[in-house]
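A short write-up of the structure that comes next.
The values are calculated or read from the model by the stated rules, or taken from the named source; none is laboratory data. Since we're looking at a predicted model, the values are computed, not measured. Cβ placement follows ideal geometry from the backbone for every residue including glycine, while neighbour counts extend to all protein chains displayed.
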C-alpha cells in the first residue's frame, strides 16, 4: 500500500498521533508539516490568531517533544530571531543550544 501523499496533500507520521500533545499543538504541528519550509512564531500567530504567550508555549511543547528544531539567527553577531523547522521524525528534545544553533555573519 502506497502512503505517499499527492502534492496537494500533507502526510503526517503516525507517531504524531501517539504524542501527548494538546489539541492546539497537534493542529499547529499538522500545519507546519503542510508548509514544507522553515517557519516563525509569527506564522502561528497569523494563521491561528493565537497570542504571543500561547504561540511560544506551543513552540516549546513541539521542541520539547522533538518534532521541531529551533535555530537562533544572527547577523554580524547580532541576534535577529529564531527559525523553526519541523522534523520528519521525532528526535531528542532540542534545548536551543545544540548544533542547530547557527551564527551567521
Requested in this report: State whether one or more residues within region 45-63 are surrounded by 16 or more Cβ atoms within 10 Å (Cβ to Cβ), in a helix (DSSP H, G or I) and in contact with a strand residue (DSSP E or B) (Cβ under 6 Å, 6 or more places away or on another chain).
Outcome: yes
Query raised in the report: Can you name the condition, by its number, that residue 14 falls short on among (1) surrounded by 15 or more Cβ atoms within 10 Å (Cβ to Cβ); (2) within 16 Å of residue 86 (Cβ to Cβ); (3) over 14 Å from the mean Cα position of the chain (by Cα)?
Result: (1)
Query raised in the report: Just one of the numbered conditions (1) in contact with a strand residue (DSSP E or B) (Cβ under 7 Å, 6 or more places away or on another chain); (2) not in a helix (DSSP H, G or I) is not true of residue 32; which one?
Result: (2)
Query raised in the report: Are any residues in region 64-82 in contact (Cβ under 8 Å) with a residue 40 or more places away in the chain, surrounded by 14 or more Cβ atoms within 10 Å (Cβ to Cβ) and touching a strand residue (DSSP E or B) at 6+ places or on another chain (Cβ under 7 Å), and if so, which ones?
Result: 67, 82
Query raised in the report: So is residue 81 at pLDDT below 90 and on the phi > 0 side of the Ramachandran plot or not?
Result: yes
Query raised in the report: Does region 91-101 include one or more residues that are at pLDDT 90 or above, over 9 Å from the mean Cα position of the chain (by Cα), part of a loop (DSSP other than H, G, I, E, B) and surrounded by 14 or more Cβ atoms within 10 Å (Cβ to Cβ)?
Result: no
Requested in this report: Please state which of the following conditions residue 20 fails to meet, knowing it meets all the rest: (1) at pLDDT 85 or above; (2) loosely packed, with under 14 Cβ neighbours inside 10 Å; (3) part of a helix (DSSP H, G or I).
Outcome: (3)
